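Right, one structure below, let's go through it.
Derivation of every value follows stated rules applied to the coordinates shown; laboratory data play no part. Treat the numbers as computed from the prediction; the structure is a model and nothing was measured. Ideal geometry is used to build each Cβ from the backbone, glycine not excepted, and the neighbour counts take in all protein chains shown.
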Amino acid sequence: MNQDAAALRTIHRGNRNQNPPEWTPFEWNDPLHGLQAKGEVTVIVPEGSSGELAAGLWRTGHHIAGCDADGSCTVVYSAPLGDETMVLLEGTARITETLTGKVHQVGAGSIISNPKGVDLHWAIDGPFLKKFWVMWNSPHPVHQYDHLFVSSIHDNPASWRPFEWDEPGIGLQAAGELHLVRDQGSTGTYLCGLWRTGPGVAGCETDGSLTARYSAPLGDETSLLLEGAVQVVREDTGERFDFVAGDIICLPKDVPVRWTSCAPFVKKFFVITNAELPL
């Protein structure tokens, strides 16, 4: 396997509290608003197995690019780089959809999914804001959205549905249950939402633990572990990873792992991406 191919099969890991010595100003050329520099960014997942995938942390605050002296910041943004789905980790903001004027008040725990091309005005309160973001784009245009998707990591709908998938070489599996925030992206295959395990949940033991063989056949899976602890073992190399709440996990498509959710419960926010369209 060449070096590039090996990199695309890497299990990336990070943490919501990651604080490298150097953050990079976030600069982009917005087709509606011109060259922008707002906040600063650190990248944890630099690439995926298909399409254009990246994930990391972004923050605003005092002495940060484009911010005011009190740490507040105004951002105009039309998501030209692709679908961006994020979880706010700290701070508060008001997001206005330019097309409709609809205003969303968001804070720590909010899930915000900005489809590619949807124009927004962010009014970020001081003294700071921090978010976990996943950016995704593929060469296959599918849907054109004109609105923002807003939810919360604390959502607990009346009905969750079992997470079922066809695992290559094994067959139909059911492990844990999920609540979808979005089931389609602007490009390629795109799913994002919440997944959990625990007592009485599909595929779990009576104590709430769960072990499943999983190769992310639907696409690259980028997650933020919200609650509990997880052990992941690569079946092709034997490499072991131990994750706890706050960790960021990226499982590349078709890399076989043995996933163990430790008792009594696990909950994660996830984004699944694939340049190929769903079958």
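Counting 0.36 nm for each residue step from Ile170 to Arg213 and taking away their Cα separation leaves a gain of 14.6 nm. The convex hull of the Cα atoms of region 44-198, projected and averaged over all directions, covers 10.9 nm².
Computed about the Cα centre, the dipole magnitude for the chain is approximately 360 debye when only Lys and Arg (+1) and Asp and Glu (-1) carry charge, each at its Cβ. Spin-label model, Ser159/His63: points 7 Å from Cα along the beta carbon direction are separated by 5.4 nm.
The dipole here belongs to region 92-171: it is taken about the Cα centre, uses +1 on the Cβ of Lys and Arg and -1 on the Cβ of Asp and Glu, and is about 300 debye.
Once you keep just the Cα pairs under 8 angstrom separated by 6 or more residues, what percentage relative contact order results for the chain?
Numbers: 784 pairs, mean separation 47.5, N = 279.
About 17 percent, as a whole number.
Calculated on the alpha-carbon coordinates, the convex hull of region 209-279 measures out at 86 cubic angstrom per residue. With a Förster radius of 35 Å applied to the C-beta separation of Val142 and Glu27, the computed FRET efficiency comes to 0.80.
Computed extension length for Glu90-Glu235: 48.6 nm, one decimal, from 0.36 nm per residue of separation with the Cα-Cα distance subtracted.
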